[in-house]
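Here is the structure we will look at, set down as structure tokens.
The values are calculated or read from the model by the stated rules, or taken from the named source; none is laboratory data. Nothing here was measured: the structure is a model prediction, and the numbers come from that model. Quick reminder, even Gly has a Cβ in these numbers, built from the backbone with ideal geometry, and neighbours come from all protein chains shown. The protein model used for the area step is the full one, side chains on, heavy atoms only, and it has no ligands, DNA or RNA in it. Shrake-Rupley method; radii C 1.70, N 1.55, O 1.52, S 1.80 Å.
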Amino acid sequence: MTQTVGELFPKTRRVHAWLSLEWGSRKETPVQVAERILLTLPLFRSRFPDPDARWQMSVKTLFGPGPKWVDIPDAPEALGALIQSPRQRDVPDSHVDTGTLRAKFSLTGSGDPDNGLFQFDISAGRSNVWGTPANSISLRPPAEFIIGPPEEAHSWFGGLARIWQPETACLSTPDTMDACREMEKRLGSGNRSIYAPSVGYLNWFSRTGYGRLPFPLDAVTREDPDGTLIAVPDWNVAAVADLYAELETMGMLHEMPDHQVLDGPFHEDRA
């Protein structure tokens, strides 16, 4: 298996791949979101070979002068203070929460965060707001992003799912999306909801939203306390389409619940 996103996935419609995580309404404090972010940064850092690359961040405010790149605090409390929205600060016990401010993170080896190796942004902690899913993270891994051999890919992808505890997660490409749409037509399953899970090379289905697999798959599966990691046995588009058919047939591709209720509080040592 090839090693990087660029080697594995040809660029189609200006995109190599998408890495997405989605979950429903889940109220979290800014410090809890910050704990997850601080675990995510070294995981993504490990996917790039540049030994001098480092993270910087900017926070988008509604009335602020514009993004300003700063070093990322090491302490969750300090990072939480940077990403806390005015609503979270002023009405901390509100039933409705629009989540943290949108924070952008840039991994750069050149000292220019605007043209970094990898950029992504995060806003989380939304609860009881309109829209499904209430919370999501969507990334476009660049060509240099190291996927690694299968076991390594399963490890970092599963680690990302353990950090964020989404209902679904997926590593997909424009070609796999097209193949799954064609398979949907062949199955005659009707109009698929835009909120139904995507299927790709690496997939995650939570225990809270999807339970356990009702029967074995012709795929690589790994059961974790929070859910199930599912990877195609062969990294090609046809294998993804076949996996889509299996998951659709067993009823796994339904919309996620509007609200997510976790078993307990998040702990930093779960990654």
Of the residues in the stretch 197-229 that are open to solvent by 10 Å² or more (accessible area, probe 1.4 Å) and among the hydrophobic types (A, V, I, L, M, F, W, C), the one that is nearest to Gln260 (Cα to Cα) is Leu213
Qualifying residue in the stretch 97-111 (condition: open to solvent by 70 Å² or more (accessible area, probe 1.4 Å) and of a type in the set (Ser, Thr, Tyr)): yes
Review point. Does Leu43 satisfy the criteria of being within 19 Å of Ile147 (Cβ to Cβ), outside any loop (DSSP other than H, G, I, E, B) and not polar (S, T, N, Q)?
Key: yes
Going through the stretch 226-271 in order, the residues found to be out of contact with any Asp or Glu (no Cβ under 9 Å at 6 or more places or on another chain), modelled with pLDDT under 90 and assigned to a loop (DSSP other than H, G, I, E, B) are Val261, Gly264, Pro265, Ala271
By residue number, the members of the stretch 76-107 that are outside any strand (DSSP E or B) and of a type in the set (S, T, N, Q) are Gln84, Ser85, Gln88, Ser94, Thr100
Met183 vs. criteria open to solvent by less than 20 Å² (accessible area, probe 1.4 Å) and more than 22 Å from Phe9 (Cβ to Cβ): no
Those residues of the stretch 230-246 that are surrounded by 21 or more Cβ atoms within 10 Å (Cβ to Cβ) and either in contact with a strand residue (DSSP E or B) (Cβ under 9 Å, 6 or more places away or on another chain) or without any contact (Cβ under 8 Å) to a residue 12 or more places away in the chain (or both) come to a total of 5
task: Scan the stretch 75-95 and give yes if some residue there is surrounded by 13 or more Cβ atoms within 10 Å (Cβ to Cβ), touching a residue at least 12 places away in the same chain (Cβ under 8 Å) and closer than 23 Å to Phe145 by Cα, otherwise no.
output: no
Conditions (1) out of contact with any helix residue (DSSP H, G or I) (no Cβ under 8 Å at 6 or more places or on another chain); (2) at pLDDT 95 or above; (3) over 30 Å from Ala196 (Cα atoms) -> Pro73 fails only (1)
The residue that is most open to solvent (accessible area, probe 1.4 Å), considering only those in the stretch 11-45 that are closer than 10 Å to Gly125 by Cα and of a type in the set (Ser, Thr, Tyr), is Thr29
By residue number, the members of the stretch 120-171 that are within 15 Å of the chain's Cα centre (by Cα), open to solvent by 40 Å² or more (accessible area, probe 1.4 Å) and either modelled with pLDDT under 95 or under 24 Å from Tyr210 (Cα atoms) (or both) are Asp121, Ser136, Ser138, Ser155, Arg162
Of (1) on the phi < 0 side of the Ramachandran plot; (2) touching a strand residue (DSSP E or B) at 6+ places or on another chain (Cβ under 8 Å), Gln165 satisfies every one except (1)
Next on the checklist: Going by what's in this entry, would Ser110 be described as assigned to a loop (DSSP other than H, G, I, E, B) and closer than 23 Å to Gln56 by Cα?
Outcome noted: yes
